[in-house]
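Remarks on the structure that follows.
The values are calculated or read from the model by the stated rules, or taken from the named source; none is laboratory data. Quick caveat: nothing in here was measured; it's all calculated off a predicted structure. A quick note on method: Cβ atoms are made from the backbone with ideal geometry, for glycine too, and the neighbour counts reach across all protein chains shown.
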Amino acid sequence: MQRKSPQQSLNGKEAAMKNPLNKRIFSEIKCDKGRYIAIFLFLILAIGFISGFIIADSSMIEEVNKSDEKYNIENGNFEIYGEVTPEIQKIADDEQISLYENFYIEEAVLKKNQTESTSRLRIFKNREEVNTVCVMKGNLPEGKDEIAIDRMYADNNELKVGDLITVGNYEYKITGLVALPDYLALFSDNTDSMFDSIKFGVAIVTPEGFGRNNDAVIHYDYSWKYSNEPEDEKQEKEWADNFSLKLSKTTTLAKYIPKYSNQAIMFTRDDMGGDKVLIEFLLYIVIAIIAFIFAVTISNTIASEAAVIGTLRASGYKRSEIVIHYMAGPLIVTGVAAVIGNVLGYTVFKKIMADMYYGSYSLPTYHTLWSPEAFIKTTVVPLIMMLIINFVILSYKLRLKPLRFIRNDLSSRKRKKAVKLPHYKFLTRFKIRVIFQNMSGYVMMFVGIIFANVLLMFGMMMTPLLNKYEDDVINNKLAEYQYVLKAMQPTETEGAEKYLVTSLITDNDSEEEITVYGISENSNYAKINIKDGALISDGYHEKYGIDKGDTITLVEKYTGTKHSFKVKGYYNYPAALSVFVPEKEFCAEFNIPDGAFNGYFSNKVITDIDEKYIATKITEEDLTKMSRQLERSMGSMFYMFYGFAIILFMIMIYILAKVVIEKNTNSISMVKILGYNNNEIRKLYMTSTTIMVALCLALSLPVAYLIIRKLYYFFMGDMKGWLTFYIKPDIYWQMFLIGMASYFVVELILSRKIRKIPMSDALKNVE
């Protein structure tokens, strides 16, 4: 006859009230409140952060996706060297395409009391049909001396509604802060590897205000809309390519940018969605680590309560009941932390994450979505993970017969022979013994330290990496000024050197812009030293794994014509992904007459060429915009990873070092009986942990480096351009010192734990 458990003999609520195991749950949490509070607070922080991110991310993505219809975003735009002709209009009509004037001028900006301009604005007339304006604050301009500027540009340049600024030769009053749906990311040129919201912005004026700048160069930009939206991306590309081919036969295109390839529109959409996978991955790694910590600490509790467990099992309690009991604490803590974390996510952290997005992109106003996705990913999934991990480990730990627990015989293996240590001093041998006895805890500590150091390394490496990139760009620039011309123009500027340049795209799905230079023989600026073939920039080589001897194929964006180049070596030019070929080979490849040119390298400003013939002037500020913008938009996230890593490290060390002390409670009590004082005991046990922490820190650094490098190359592969991987050497010893400093703070806390262990504990367990 099968014996019923005590719980089976009771029913419903009465069973729950009288079951001793249920009564012990909260008392156990209270007794070990230090560990549970530490984990509880960390879980609140992690879940709140992720929840806030998901809510802000999904809400903003939804708003951006709605913007196509809400703001009637263009299907593309092109620029020509004059107004639309009847021939162009006929092509548009035949293709069932509507054209809209979107002319703009670009002018330097002077703030009040500023003597030299450090930024410029691209100024449009107010849009009423296509790419309509989202007013974030204030109002649209009504007079010719009023202007509404991009909100992000205003924030970065400390401008506000009511301020007076000089744009070009005229003074304007800022009446509003706006977001333009075709400039969600402030790319001044679609070929740029990064937008620049510090040096570049967009603005809206009245038609009268636009006309007062009659001395400025007008860019004849036209937006287009299809009568019917394309069914899919394939059809959209086919329509855009067809329209481009017909236009190019009729007129000279200064630029042609379909919506799907417009970085100012699409970069933000692609980037916002891409961060979610990484952030969620970090959350689940954290939950897995916390779950294993719970399992390790509970395993220690099981060892200390072996006799009680054996007695309960002998009294009729099932193994499953015991497992559920020990799982209750972690699940309760995780569940409550998840609820509080989600509340904070919907309030505090949502705003923090939204502000980070607004610090990176020129986004329109958004409305919070109460998404069930955040609840599932930050509450349901962590609880399931905690349940599964703890269930598996605890089921394994509690698989033994009741008699084994009563005898405190929990080892699954035969007792090993004692390891004979060399004739060290007694205290040295004692410390080594502590290390061997707690090896499982130290292994878990090592895993946690690796994860914490990955976060810490990322937070510490990015600013030095961006600074080095900026220095490398400045030190290896081709010239102080690179001029790209619309037509060949002579200059008398001393030292100016002619060159050829064009932009092609890679022959793959990424369609990344590659700048191809035609360099004159014996150039004073780009010393390529080859007679044929090509040199590629180091970044191009690193990103795509192109080696010497390979042949690269690049494509003309608008015509689809392919061009191939034999790689002869590499050129140290970090500013852009580039190809350098001799001038003669460039002319032959692109069927250009010898002696032709479309640009100048110069270390002096060229003043004798009319601005209307200059397509682009590239300066040091243009070359360093990527590092400048990333530092501005991502700086707060770097510090967040920094702080998150330190908190995780301290919690890991606290919990696992606490386990070591608890596991050795009897030994510590016995040592007290032998006459050792608290300080001596602290040295005996904490010194061992100190050694292992230092060892784990040292060993984790190369592992963290390898993980970071792998992740860096993975995520950089999806970005435009390339930032060479670099970790400042100082970071390694700084990370080590931060880790040790965090540990010593924890050690001071745990010293109190040692002092509280009574001598009587050793006598309680005498067999």
For segment 542-562 the number of residues that are out of contact with any His (no Cβ under 8 Å at 6 or more places or on another chain) and either of a type in the set (Lys, Arg) or free of Cβ contacts under 8 Å to residues at least 24 places away in the same chain (or both) is 10
Filter segment 562-583 for residues that are small (Gly, Ala, Ser) and not in a strand (DSSP E or B); the one that is farthest from residue 515 (Cα to Cα) is 575
Please find, among 158, 142, the residue that is more than 37 Å from the chain's Cα centre (by Cα), more than 30 Å from residue 487 (Cβ to Cβ) and surrounded by fewer than 19 Cβ atoms within 10 Å (Cβ to Cβ).
142
Residue 586 meets each of (1) surrounded by 16 or more Cβ atoms within 10 Å (Cβ to Cβ); (2) out of contact with any His (no Cβ under 7 Å at 6 or more places or on another chain); (3) outside any helix (DSSP H, G or I) with one exception, condition (3)
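Would you list the helices (runs of 4 or more DSSP H) that sit entirely within segment 290-400 and hold 2 or more residues that are of a type outside the set (D, E, K, R) and either modelled with pLDDT of 85 or more or under 27 Å from residue 451 (Cβ atoms) (or both)? Outline the logic, then answer.
Values: elements: 306-314, 319-344, 350-360, 372-375, 381-397.
Filter on segment 290-400 gives 319-344, 350-360, 372-375, 381-397.
Quick check on my filter: what residues within segment 95-123 are touching a residue at least 40 places away in the same chain (Cβ under 8 Å) and loosely packed, with under 12 Cβ neighbours inside 10 Å? Outline the logic, then answer.
Just the residues of segment 95-123 that are touching a residue at least 40 places away in the same chain (Cβ under 8 Å), to begin with: 95-112, 118-123.
96, 112, listed by residue number.
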Members of segment 155-192 found to be within 24 Å of residue 624 (Cα to Cα) and of a type in the set (Asp, Glu), listed by number:
155, 158, 182, 189, 192
Is there a residue in segment 220-230 that is over 22 Å from residue 484 (Cα atoms), of a type outside the set (S, T, N, Q) and exposed (fewer than 14 other Cβ atoms within 10 Å of the Cβ)?
yes
What are the pairs with Cβ atoms under 6 angstrom where one residue, in segment 568-589, is without any contact (Cβ under 8 Å) to a residue 60 or more places away in the chain and the other, located anywhere, is among the hydroxyl-bearing types (Ser, Thr, Tyr) and not in a loop (DSSP other than H, G, I, E, B)? Sequence gap at least six, or different chains.
571/537
Inter-residue pairs, beta-carbon under 8 Å, first outside any helix (DSSP H, G or I) and in segment 660-686, second crowded, with 19+ Cβ neighbours inside 10 Å and aromatic (Phe, Trp, Tyr), 6+ apart
664/685
Residue, nearest to residue 391 (Cα to Cα), within segment 311-341, restricted to residues that are touching a residue at least 24 places away in the same chain (Cβ under 8 Å) and of a type in the set (S, T, N, Q):
334
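Given the residues 320, 362, 299, 315, which is the only one that is in contact with a strand residue (DSSP E or B) (Cβ under 9 Å, 6 or more places away or on another chain) and hydroxyl-bearing (Ser, Thr, Tyr)? First the steps, then the outcome.
Details: 320 fails: in contact with a strand residue (DSSP E or B) (Cβ under 9 Å, 6 or more places away or on another chain); 299 fails: in contact with a strand residue (DSSP E or B) (Cβ under 9 Å, 6 or more places away or on another chain); 315 fails: in contact with a strand residue (DSSP E or B) (Cβ under 9 Å, 6 or more places away or on another chain).
None of the others qualify; the one that does is 362.
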Given the residues 628, 632, which is the only one that is over 30 Å from residue 687 (Cβ atoms), over 15 Å from the mean Cα position of the chain (by Cα), modelled with pLDDT under 75 and in a helix (DSSP H, G or I)?
628
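Looking at this structure, is residue 135 under 30 Å from residue 369 (Cβ atoms), β-branched (Val, Ile, Thr) and either outside the structural domain of residue 162 (by TED's automatic domain parsing) or not in a strand (DSSP E or B) (or both)?
Working: under 30 Å from residue 369 (Cβ atoms): yes; β-branched (Val, Ile, Thr): yes; either outside the structural domain of residue 162 (by TED's automatic domain parsing) or not in a strand (DSSP E or B) (or both): no.
No.
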Would you point out the residue of segment 685-718, among those that are over 26 Å from the mean Cα position of the chain (by Cα) and buried (at least 20 other Cβ atoms within 10 Å of the Cβ), that is farthest from residue 746 (Cα to Cα)?
696
Looking at (1) within 46 Å of the chain's Cα centre (by Cα); (2) in a helix (DSSP H, G or I); (3) surrounded by fewer than 20 Cβ atoms within 10 Å (Cβ to Cβ); (4) at pLDDT below 80, which is the only condition residue 411 fails?
(2)
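Counting just the residues of segment 130-164 that are β-branched (Val, Ile, Thr) and either touching a Phe, Trp or Tyr at 6+ places or on another chain (Cβ under 6 Å) or without any contact (Cβ under 8 Å) to a residue 40 or more places away in the chain (or both), which one comes out nearest to residue 101 (Cα to Cα)? So that I can check it myself, show each step before the final result.
Applying the first criterion (β-branched (Val, Ile, Thr)) to segment 130-164 yields 130, 132-133, 135, 147, 149, 161.
If we keep only those that are either touching a Phe, Trp or Tyr at 6+ places or on another chain (Cβ under 6 Å) or without any contact (Cβ under 8 Å) to a residue 40 or more places away in the chain (or both) too, we end up with 130, 132, 147, 161.
On the way: 130: 9, 132: 13, 147: 19, 161: 28 Å.
Filtering segment 130-164 for residues that are β-branched (Val, Ile, Thr) and either touching a Phe, Trp or Tyr at 6+ places or on another chain (Cβ under 6 Å) or without any contact (Cβ under 8 Å) to a residue 40 or more places away in the chain (or both), the one nearest to residue 101 (Cα to Cα) comes out as 130.
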Out of all the residues in segment 52-74, is one or more over 20 Å from the mean Cα position of the chain (by Cα), assigned by TED's automatic domain parsing to the domain that holds residue 102, acidic (Asp, Glu) and assigned to a strand (DSSP E or B)?
no
Count, please, the residues in segment 635-657 that happen to be more than 19 Å from residue 288 (Cβ to Cβ), crowded, with 21+ Cβ neighbours inside 10 Å and modelled with pLDDT of 75 or more.
0
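Residue-by-condition table, conditions (1) closer than 30 Å to residue 446 by Cα; (2) in contact with a Ser or Thr (Cβ under 8 Å, 6 or more places away or on another chain):
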{"position": "195", "(1), (2)": "no, yes"}
{"position": "203", "(1), (2)": "no, no"}
{"position": "207", "(1), (2)": "no, no"}
{"position": "218", "(1), (2)": "no, no"}
{"position": "229", "(1), (2)": "no, no"}
{"position": "253", "(1), (2)": "no, yes"}
{"position": "291", "(1), (2)": "yes, no"}
